Every structure is written in C-alpha cells, then in structure tokens.
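To keep things clear, I will list the structure first and then write my remarks on it.
The numbers here are math on the coordinates, done by the rules we state, and not lab data. Because the structure is predicted, anything quoted here is derived from the model rather than measured. Every residue, glycine among them, receives a Cβ derived from its backbone with ideal geometry; neighbour counts consider all protein chains shown.
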Amino acid sequence: MEMGSMLARNRTSGWLAAALGMMLGALSGAPGALAQDPGSAAADSSSRYGNLNVERSSGVIDPELGQKHYRRGNTYNNLKRFEEAIAEYQLAITADPTFADSYRQLANIFYFQERFDDAIPMLARFIDHQKEVTAGLIASLNTLGQLLRDAQRFDDAIEIDLRAIENDAKNTSQIHVMGNTYANAGRTAEAIRIYEKAISVLPNDAFMHRTLGRLLEQEQRLDEALVQYRAASAIDPASQFYKDLVTGLEAKLAP
C-alpha cells in the first residue's frame, strides 16, 4: 500500500462514524456509573486533552443525581434539543464525575456537530473510565486517535493509536491509515512505531513487514529493513515481489 494523502478533518470515513454509533448504543438505557478515583487517570486526561468545561459545586459524588440528569439528557437528545441535552450531561458529570456514559453521550453530540475540539476530551475521559476491552472502548480509541491526527496533535495521537492497535489488531486498514498519516506528515518515527506495533500483534502479516521495511530503508536503516523484507518473503515465499526486495537490498549492502 502506497502512502495516500492525509485524511481531511471533516472527511471522517464511514466506518468511523459507524463505529462511534456502535459505541454510543441506544439512548434509552441508563447504565450504572463506573467506579474510579476521580483524581486519577481521568484528571490526567482532562489536563492533556483539554478542559471539560464542567464546574463542580462540591466535592461530594452523588450518583443518584447524576443518573437523573443523565436521563433528562437522553430525553432532550432524543428530541434533538442538543444544547439542553449537553447541559444535562454536564450536570450529570458535575454530580458524578465517574459516570462514564455522560462523557460518551457528550462525545456523540460534539462529534456529529463536528465540534471535534470538544469531543476530544470527552472521548479521553470515557476511555479513562473503561476497565475492560469492549466495542465501545475500541471505537473510542479509533475515533480519538483519528481526531488527534486530523488536528495534527501527533504527540498525543501516537499513544492512543498504539493502544488501538493492541486492542483491535484485525483492523489492518485502519493501521495503514495511521501509518500513512504519520508518514505523509513527515513523522516517520511515529509511522515506524505504528508498524512495529502492528507486527507485534500480527507477526504473520507479510505486508506489514514489507511496509515497515520500506520505512526503515527510507531512513537508511538498511540492515533493519533487510530483516523485515526477509520476514515478508519467509511468510509469503511464493511472492516474487518480496524476493526481489530481499535480493535488491542484499546487493545494496554487499561490499
């Protein structure tokens, strides 16, 4: 796969919107809050990805009040009265900052309103509150990584993308989107990290080895590139293309 042009901010792919929709689920339910120390990882993400624009009136967590505002938010959301829904979800967070689904619903509204700078910290907070690998977590990681890359916040995006690969290794098309985006932005080191991570979870994917080898060869890391080309050829011995990569680089390295 050759490096394509970088995805534009407002041209998020269809699978991404579908994944986010799957993450958000039905609006009619009112799942319970997930317990977590509000001063731990969630607070770190608030600082890293942006303020949440939510004021707390006290340090007391009130899950019952949070649920009440959350249900009101769902009602307004179903009626497409989005600003009122936003206000209710923010009040739910004020009452109970550990209530992950409030962040999830805010992220949904902001995302589909194309208020991506507002969606980013909501997704980060939702992710921080997940203790298990679920479809919602995977969709959130992919979406957050996409938004950060589109905003050219590559230092933040890379860690999210690596985590997405770890939890969604079969999504090879998205791995290549990540790698292409970093490479086209001149962030070759990050592109290399993407394919190194991909190979760690997909060791028998010949094309991943070939793509990593090409990036390493571009960086004049020829011995490392040859290792990757040889791996690709060993995985797919019928491919003359991979054989030619090996013999060509071997000739270049020969004294």
Phi angles of the stretch 174-191, converted by Karplus (6.51 cos²θ - 1.76 cosθ + 1.60, θ = phi - 60°) into ³J(HN,Hα) in whole Hz with x for Gly and Pro, give 5, 4, 5, 4, 4, x, 4, 5, 5, 5, 5, 8, x, 9, 5, 4, 5, 4
In what sequence do Ser173, Ser233 fall when counting other Cβ within 10 Å, fewest first? Ser173, Ser233
Taking the Cα centroid of the stretch 70-86 and of the stretch 201-220, what is the distance between the two, rounded to the nearest whole Å? 47 Å
Quick check: residue separation of Ser200 and Asp244 times 0.36 nm, minus the Cα distance between them. What number comes out in nm? 13.4 nm
Apply the Karplus parameterisation 6.51 cos²θ - 1.76 cosθ + 1.60, with θ equal to phi minus 60°, to every residue of the stretch 200-212 and state each ³J(HN,Hα) to the nearest whole Hz, in sequence, with x for glycine and proline. 5, 9, 10, x, 9, 9, 4, 5, 4, 4, 4, 5, 4
Length gained when the stretch Ser173-Thr75 is fully extended (0.36 nm per residue, less Cα-Cα span): 31.6 nm
Phi to ³J(HN,Hα) by Karplus 6.51 cos²θ - 1.76 cosθ + 1.60 over the stretch 113-128, Hz, x for Gly, Pro: 8, 6, 8, 5, 5, 7, 5, 4, x, 5, 4, 4, 5, 4, 4, 4
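Do any trypsin sites (Lys or Arg not before Pro) in the stretch 75-107 lie in a DSSP loop with no more than 16 other beta carbon atoms within 10 Å, and if so, which?
When the trypsin sites (Lys or Arg not before Pro) of the stretch 75-107 are filtered for loop state and at most 16 Cβ neighbours within 10 Å, Lys80, Arg81 remain.
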